[in-house]
1. Do you know which of the residues in segment 159-208 that are in contact with a helix residue (DSSP H, G or I) (Cβ under 9 Å, 6 or more places away or on another chain), charged (D, E, K, R) and part of a loop (DSSP other than H, G, I, E, B) is farthest from Ala111 (Cα to Cα)?
2. Does Gln282 meet the test of being in a loop (DSSP other than H, G, I, E, B) and either among the small types (Gly, Ala, Ser) or assigned by TED's automatic domain parsing to the domain that holds Glu213 (or both)?
3. Would you check if there is a residue in segment 312-325 being over 16 Å from Val193 (Cβ atoms), in a loop (DSSP other than H, G, I, E, B) and touching a strand residue (DSSP E or B) at 6+ places or on another chain (Cβ under 7 Å)?
4. If I go through segment 317-374 residue by residue, how many of them are within 30 Å of Gly204 (Cβ to Cβ) and of a type in the set (S, T, N, Q)?
5. Which condition number does Gly339 fail, the rest of (1) touching a helix residue (DSSP H, G or I) at 6+ places or on another chain (Cβ under 6 Å); (2) over 30 Å from Ala35 (Cα atoms) being met?
6. Taking the conditions exactly as written (modelled with pLDDT under 95 and charged (D, E, K, R)), does Asp363 satisfy them or not?
7. Here is a list of conditions, (1) modelled with pLDDT under 95; (2) farther than 22 Å from Gly346 by Cβ; (3) not hydrophobic (A, V, I, L, M, F, W, C), and Pro240 meets all of them except one; can you say which number that is?
8. Counting only residues that are over 14 Å from Ile21 (Cα atoms), under 29 Å from the mean Cα position of the chain (by Cα) and not in a helix (DSSP H, G or I), how many does segment 41-55 have?
Amino acid sequence: MTWLDLPPDTGFGVHNLPFGIFSVEPSANPRAGVATGDSVLDVAAVADDLRLPLGELFAEPALNRFLAAGPTVWRETRERITEWLTSPAHRAVVAPHLVPLGEARLHLPFAVADYVDFYASRNHAENVGAIFRPGQPPLPRNWLHMPLGYHGRAGSVVVSGTPVTRPNGQRRVPGADGPSFGPCLRLDFEAEVGFVVGVPSRQGKPVPVDDFEGHVFGACLVNDWSARDIQSFETVPLGPFLGKAFATSVSAWVVPLAALGAARAAPPPRDLPPPPYLHDGQDPWGLDLSLEVRINGCLVSRPPFATMYWTPAQMLAHLTCGGAPLRTGDLFASGTVSGPARDQLGCLLELTRDGAEPIALADGTQRAFLEDGDEVAISATAPGPDGAVLSLGEVRGRVVPAS
């Protein structure tokens, strides 16, 4: 129960409490907030009014200091904010610090230290393999043995709502004698879920699967924009580079792992037993998340995260198994989320069969790949306690012409 007058269908109830960074004009002083219904709770302001040292963690323009504080502080903070929003005794202090979402500007929630993108959906990997390697086994020979990934550009991670400029690069146009340089002709989205590291680890010390909750604070939504023509020409032999480096959009809210307990689910059956460092025991970190992808407001896909072959805990264990350290603000993403059905595919490469079968939008136009002016919005929900539905917010971006 809460004294808040929450919309009945809100995904930002007291069981959720996602963190982000916001500001309100004209002060433009970015600070931490928690989404509650149609408002943002100014956490630092409430803590200051109650003379709590908690405010020092949240008066900064990024969540990194709070993320680094670790699970005990995360849990105590969540309990404290829940008490503020459920006990009528706190209403007089808290209510003045609820800012309508429409008046808040949302910022990148954390300073990104490093960014890794995985390739954890078997459906996606097999679809891509069939497109690019017809007549050959669709999965790479190492795919069933470990979560594959690549390093992205931390500096190109942007918050939801930031325009995405169509990138330039070298690409081979079918029928041309050789490569040419120019704007991407096959721009795509990728619907993904990201995980935000709070507690760092020591170089040379792998993080076991069972320590996932000790290092990762929460989840966000990710659109790993992809220039398919640039990507396909550059990928061999070293993998994605400029085709992925121009923009990666993330949602403005980070949902704590503590809010996702009811969403935990077993991953699909494994073809091969993973090596010991990837064993995920009796309580794996699969997640029953339901994504939706819209282009210009038209629903084009509903990817289910529960179908992901590798869990985020296994991704973290693999990321560090060679001794790579974690840093506060590290972001790692799942890779494209795709289910087995045609309307569950998480990118246009799959939805249109590499452009051969364009999809129809609500306005009667068709898309093989994204056009300038197109806006992609990815949202997601998760089951919460007592039948509640939690929102992971959305990640949105509009394509603008190449510069």
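1. Within segment 159-208, the match that is farthest from Ala111 (Cα to Cα) is Arg172.
2. Spelling it out, Gln282 is indeed in a loop (DSSP other than H, G, I, E, B) and either among the small types (Gly, Ala, Ser) or assigned by TED's automatic domain parsing to the domain that holds Glu213 (or both).
3. So far as segment 312-325 goes, no, none of its residues is over 16 Å from Val193 (Cβ atoms), in a loop (DSSP other than H, G, I, E, B) and touching a strand residue (DSSP E or B) at 6+ places or on another chain (Cβ under 7 Å).
4. Residues meeting the conditions: 3.
5. Single failed check for Gly339: (2).
6. Here the answer is no, as Asp363 does not meet what is asked.
7. (2)
8. Count: 1.
The values are calculated or read from the model by the stated rules, or taken from the named source; none is laboratory data. Nothing here was measured: the structure is a model prediction, and the numbers come from that model. Cβ atoms come from the backbone with ideal geometry, glycine included; neighbour counts cover every protein chain shown.
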